[in-house]
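Beneath this line is the structure, given in structure tokens, with notes to follow.
The values are calculated or read from the model by the stated rules, or taken from the named source; none is laboratory data. Being a predicted model, the structure only gives us computed values, none of them experimental. Positions of Cβ are backbone-derived with ideal geometry, glycine not excepted, and every protein chain shown enters the neighbour counts.
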Amino acid sequence: MTIDADIYLKGLEDRLLADGGTVTHEPLGLVGYKAETRALVRAHLLVVAAKAGPVDQNLLADFAAESVDLAVERKGRWRGFQSAVVVLPILVAESAGDDAVAITQRPARLDVDGFAVLAQPAVVDLSAGRSHIFQSVRIWGYAFNSLIKRKLALYLPDPV
């Protein structure tokens, strides 16, 4: 038995609110926001989540790019030495292809002008009952490595 995507997204919303964040529902999907300070840098953490059918690398990459664009538009104006934008694009999927899962396991590379923007896509595979989240180490953006891993683990438990 698999959990419904809407139920999982409602649980994600509850976890974001319990963590002190704010949540809105927008055309791109559920958008959560929380500011945190790490290593004297204010991190604007945006979680963008949506439900999807079968997910492949192209769909995940496109969703991540749209999520980063939204985050930079909202919170990226003053990014730099003391301000960063961290984006967690999440697809709650009927199923996830191996190519999409592979993207979640390596640090995301962005084609964004400027700097101080990080993204780490994740996929919740409802048919497999598994959340595919980043668990390795980022060299570029290392100061936010533990923040990204901690938030993904908190927000995306395996669906049961």
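Numbers at a glance
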item: Checklist (1) of a type in the set (Gly, Ala, Ser); (2) surrounded by fewer than 15 Cβ atoms within 10 Å (Cβ to Cβ); (3) at negative phi applied to GLY20, failing item; result: (3)
item: Some residue of region 97-117 being polar (S, T, N, Q), part of a loop (DSSP other than H, G, I, E, B), surrounded by fewer than 20 Cβ atoms within 10 Å (Cβ to Cβ) and modelled with pLDDT of 85 or more; result: yes
item: Scope region 29-75; condition outside any strand (DSSP E or B) and among the charged types (D, E, K, R); matching residues; result: ASP56, ASP62, GLU66, ASP69, GLU73, ARG74, LYS75
item: Index of the failed condition, ARG79 passing every other in (1) at pLDDT below 95; (2) in contact with a Lys or Arg (Cβ under 8 Å, 6 or more places away or on another chain); (3) crowded, with 20+ Cβ neighbours inside 10 Å; result: (2)
item: Region 44-64: number of residues that are surrounded by 15 or more Cβ atoms within 10 Å (Cβ to Cβ) and under 14 Å from the mean Cα position of the chain (by Cα); result: 12
item: Index of the failed condition, VAL92 passing every other in (1) touching a helix residue (DSSP H, G or I) at 6+ places or on another chain (Cβ under 8 Å); (2) at pLDDT 95 or above; (3) in a helix (DSSP H, G or I); result: (3)
